[in-house]
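Below is one structure; the comments refer to it alone.
What follows is calculated from the coordinates using simple rules that are stated; it is not laboratory data. Note that the structure is a prediction, hence the values are computed from the model and not measured. Cβ coordinates were reconstructed from backbone atoms using ideal geometry, including for glycine residues, and neighbour counts include every protein chain displayed.
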């Protein structure tokens, strides 16, 4: 079974600062993928970034980067130069075969 | 449209009634998923289709829940004898064939919000 843990229910960050959202996972699979999704108040789940368990380099997508520490089973999301539009729920997820397992999410609020 | 389409966007029903929720995936996506998201929670897996067949229905909470995908495209989630605890947002997602080397990223619809009174 796979499990995702997000320990920060909510975070407040000043605009233009960087923010790290924590995610730890547990799995017995050797090969798996880690994902981050953003869910604004409209409800749509928006894919942000993906990290494969065998990828040697941390994934980056624009202002998003994934700090992958395999030995610690952590996959933290880093958002650089935060913007007001980054205010949303953020979900970490993992997939070994087909389906994704999601964490409980972190509500990020950017303060102007 | 180019994205995953779900109808209705909102459904209010009375306890004990039957409900159908529809999902139209991205064209060409062979995999289709149903998730349920309760208030303040992350999406919880319900069922996954590969083509027309349900490859994994381990997330369906009980036998009141059923889903079909008869032609390998549109899917319908069916809930019988609805209960107040069924109130949630039901999310549908689709993805490309994993054999093509993609990441397995899921593309989500905007969800169907079900309220059982």
Could you check what % of the DSSP bridge pairs in chain A are antiparallel, to the nearest 5?
-> 85
Determine the shielding of peptide B:106-116 by partner chains: average, over its residues, the number of Cβ atoms on other chains within 10 angstrom of each Cβ.
-> 3
Sort B:60, B:117, A:77, B:46 so that the residue with the fewest other Cβ atoms within 10 Å of its own Cβ comes first and the one with the most comes last.
-> B:117, B:60, B:46, A:77
Given the options B:41, B:80, B:96, which has the most mean-square fluctuation in a GNM of chain B, springs set between C-alpha atoms less than 10 angstrom apart?
-> B:41
Give the distance, in whole Å, between the Cα centre of segment B:1-43 and the Cα centre of segment A:30-90.
-> 24
Three-way shape label, chain B, alpha-carbon gyration tensor, a/c 1.5 | prolate
Inter-site label distance for residue A:14 and residue B:5 at 7 Å from Cα along Cβ, in nm | 4.7
Relative contact order, percent, chain B [alpha-carbon distance under 8 Å, six or more residues apart] | 36
In a Gaussian network model over chain B where Cα atoms closer than 10 Å are linked, find which of B:32, B:106, B:91 has the largest mean-square fluctuation.
-> B:106
Over all Cα pairs of the protein assembly as shown, the Kirkwood radius sets Rh, and Rg/Rh then becomes 0.97
